[in-house]
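Trainee: Below are the structure tokens for one structure; questions will follow.
The values are calculated or read from the model by the stated rules, or taken from the named source; none is laboratory data. Treat the numbers as computed from the prediction; the structure is a model and nothing was measured. Using ideal geometry, Cβ is built from the backbone for each residue, glycine included, and neighbour counts are taken over all protein chains shown. Side chains are part of the model used for accessible areas, which takes the heavy atoms of the whole protein and leaves out ligands, DNA and RNA. Shrake-Rupley method; radii C 1.70, N 1.55, O 1.52, S 1.80 Å.
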Amino acid sequence: MTEEPSIIQHPSGFLWGAAVRAAARHRFKISMPCENALKDRLKTGLSANKVGLHEFTERKTEAQSNVEKLVSAMVNAQLSKDPTVDILEDWTIAHVLLEEKLCPGLWPIC
């Protein structure tokens, strides 16, 4: 008998945790302005896509993978600007989503 996965009560918190862990794997920290912008982006994406708790729980692996892709691209953008920096700045979000055209395709971010 397959056990039903528990419902994730706070999808934006789950995604934020995934972002922090992804940055840490790259040995990066996230600046406060970047933290605020990224949290806003995650909440906006969940809201714009009208993601409910059940849908998020069913697709959490996809969502986590997409946050990890986003953070990796942000790290690469930051390193291309200054290879000595280990802190993600907020400009990297718009850079990778718009200039590098990661959106659309990163559910539920965009």
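Trainee: Of the residues ALA94, ALA37, ALA18, which is open to solvent by less than 30 Å² (accessible area, probe 1.4 Å) and under 20 Å from GLY105 (Cβ atoms)?
Mentor: ALA18
Trainee: Considering only the range 1-15, how many residues are modelled with pLDDT of 95 or more and either open to solvent by 60 Å² or more (accessible area, probe 1.4 Å) or among the acidic types (Asp, Glu) (or both)?
Mentor: Of the residues in the range 1-15, 0 are modelled with pLDDT of 95 or more and either open to solvent by 60 Å² or more (accessible area, probe 1.4 Å) or among the acidic types (Asp, Glu) (or both).
Trainee: Please determine, by comparing only the residues of the range 51-69 that are among the hydroxyl-bearing types (Ser, Thr, Tyr) and farther than 18 Å from LEU102 by Cβ, which one is nearest to the chain's Cα centre (by Cα).
Mentor: THR61
Trainee: Could you tell me which numbered condition GLN78 fails, if it satisfies all but one of (1) open to solvent by 40 Å² or more (accessible area, probe 1.4 Å); (2) more than 15 Å from the chain's Cα centre (by Cα)?
Mentor: (1)
Trainee: If you don't mind, another one. Being aliphatic (A, V, I, L, M), modelled with pLDDT of 95 or more and closer than 21 Å to GLN9 by Cα is true for just one of VAL75, VAL71, VAL67. Which residue is that?
Mentor: So the residue among VAL75, VAL71, VAL67 that is aliphatic (A, V, I, L, M), modelled with pLDDT of 95 or more and closer than 21 Å to GLN9 by Cα is VAL67.
Trainee: Mind checking which residues of the range 33-50 are within 18 Å of VAL20 (Cβ to Cβ) and under 14 Å from the mean Cα position of the chain (by Cα)?
Mentor: Within the range 33-50, CYS34, GLU35, ASN36, ALA37, LEU38, LYS39, ASP40, ARG41, LEU42, LYS43, GLY45, LEU46 qualify.
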